[in-house]
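Before any comments, here is the structure.
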């Protein structure tokens, strides 16, 4: 069975994937990692090269890499730079070309949070409790909210040519976006860059699609894993 590795978004941790790991894990080896500066690695510097290495280190054989938001960009970089380790790629909420338009709101939010006595911890908890189902919100908050990592993460993508990186990856790609997600602005350009891509839109969902629609997203991941697994069997079939 093709393994599945989940890569979380900015500020949160692998705890955000608890439902997907449980659901997908009934049929495939599944694990969620903590990126540098997040979760168990909170306090360590975030760099793109270290983030990519965290993905590569998480699998012993070619895997389906599933990334959301920041994790989507990291997964794209991992697939482009280590295609032999990534059998397929699912990218959710990461179809916006990095640049000032994307970075500025995060930098402003970070600046505002850092002025508060608790560095925005109370507001961040409220945001996740309001946006996510309660058990998942509790897991996300317990995993830690690393607001302090925002400047390092933004800097890591200053010269990241996401379309070129995506074009380098020869394997199958699923771009999955919520219909209400502001990070889908350039999804058609992302799709055009893929060697073997498909674009899926989930009605009614926003940027936190994998967390707010965990069951539906898990089914899409399982569908992608089945395609990847079948492709692997076909490649090894001597009668093909």
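The values are calculated or read from the model by the stated rules, or taken from the named source; none is laboratory data. Predicted model only: the values in this text are computed from it and were never measured. Cβ sites come from the backbone with ideal geometry, for glycine too, and all protein chains shown count toward neighbours.
Please work out if residue 173 is more than 30 Å from residue 127 (Cα to Cα) and in a strand (DSSP E or B).
On the way: more than 30 Å from residue 127 (Cα to Cα): yes; in a strand (DSSP E or B): yes.
Yes, satisfied.
For segment 155-170, give me the residue count where each residue is more than 30 Å from residue 128 (Cβ to Cβ) and part of a helix (DSSP H, G or I).
Start the filter on segment 155-170 by keeping residues that are more than 30 Å from residue 128 (Cβ to Cβ), which leaves 159, 161, 163-164, 167-170.
Still in the list and also part of a helix (DSSP H, G or I): 163-164, 167-168.
Final tally of qualifying residues: 4.
I'm told residue 1 meets every condition in (1) crowded, with 23+ Cβ neighbours inside 10 Å; (2) in contact (Cβ under 8 Å) with a residue 40 or more places away in the chain; (3) assigned to a loop (DSSP other than H, G, I, E, B) except one. Can you identify the failing condition by its number?
(1)
What is the number of the single condition among (1) surrounded by fewer than 21 Cβ atoms within 10 Å (Cβ to Cβ); (2) more than 15 Å from the chain's Cα centre (by Cα); (3) within 27 Å of residue 45 (Cα to Cα) that residue 157 does not meet?
It is condition (2) that residue 157 fails.
Report yes if residue 58 is under 30 Å from residue 123 (Cα atoms), buried (at least 17 other Cβ atoms within 10 Å of the Cβ) and under 15 Å from the mean Cα position of the chain (by Cα), otherwise no. Before the answer, list the steps.
On the way: under 30 Å from residue 123 (Cα atoms): no; buried (at least 17 other Cβ atoms within 10 Å of the Cβ): yes; under 15 Å from the mean Cα position of the chain (by Cα): yes.
Considered against the rule, which asks whether it is under 30 Å from residue 123 (Cα atoms), buried (at least 17 other Cβ atoms within 10 Å of the Cβ) and under 15 Å from the mean Cα position of the chain (by Cα), residue 58 comes out as no.
Among the residues of segment 15-31, write down those that are crowded, with 24+ Cβ neighbours inside 10 Å and under 19 Å from residue 52 (Cβ atoms).
17
Going by the structure shown, is residue 117 without any contact (Cβ under 8 Å) to a residue 12 or more places away in the chain and more than 15 Å from the chain's Cα centre (by Cα)?
Values: without any contact (Cβ under 8 Å) to a residue 12 or more places away in the chain: yes; more than 15 Å from the chain's Cα centre (by Cα): yes.
The answer is yes for residue 117.
Yes or no: residue 198 surrounded by fewer than 16 Cβ atoms within 10 Å (Cβ to Cβ), modelled with pLDDT of 95 or more and either over 24 Å from residue 14 (Cα atoms) or under 16 Å from the mean Cα position of the chain (by Cα) (or both)? Spell out the reasoning first.
Details: surrounded by fewer than 16 Cβ atoms within 10 Å (Cβ to Cβ): yes; modelled with pLDDT of 95 or more: yes; either over 24 Å from residue 14 (Cα atoms) or under 16 Å from the mean Cα position of the chain (by Cα) (or both): yes.
Yes; evaluated as a whole, the condition is true for this residue.
Going by the structure shown, is residue 21 outside any strand (DSSP E or B), farther than 24 Å from residue 161 by Cβ, modelled with pLDDT of 95 or more and more than 17 Å from the chain's Cα centre (by Cα)? Show your work before the answer.
Numbers: outside any strand (DSSP E or B): yes; farther than 24 Å from residue 161 by Cβ: yes; modelled with pLDDT of 95 or more: yes; more than 17 Å from the chain's Cα centre (by Cα): no.
Judged against the criteria, residue 21 is not a match.
Within the bounds of segment 91-101, is there any residue that is in a helix (DSSP H, G or I) and either on the phi > 0 side of the Ramachandran plot or surrounded by 12 or more Cβ atoms within 10 Å (Cβ to Cβ) (or both)?
Within segment 91-101 (the criterion being in a helix (DSSP H, G or I) and either on the phi > 0 side of the Ramachandran plot or surrounded by 12 or more Cβ atoms within 10 Å (Cβ to Cβ) (or both)), the answer is no, since none of the residues qualifies.
From the residues in segment 61-80 that are more than 8 Å from the chain's Cα centre (by Cα) and more than 12 Å from residue 162 (Cα to Cα), which one is surrounded by the fewest Cβ atoms within 10 Å (Cβ to Cβ)?
If we take residues in segment 61-80 being more than 8 Å from the chain's Cα centre (by Cα) and more than 12 Å from residue 162 (Cα to Cα), then 61 is surrounded by the fewest Cβ atoms within 10 Å (Cβ to Cβ).
For segment 174-188, how many residues are modelled with pLDDT of 95 or more, exposed (fewer than 14 other Cβ atoms within 10 Å of the Cβ) and farther than 10 Å from residue 202 by Cα?
1
Give me a count of the residues in segment 29-87 that are under 26 Å from residue 97 (Cβ atoms), in contact with a helix residue (DSSP H, G or I) (Cβ under 7 Å, 6 or more places away or on another chain) and part of a helix (DSSP H, G or I).
Going through segment 29-87 one residue at a time, the tally reaches 14.
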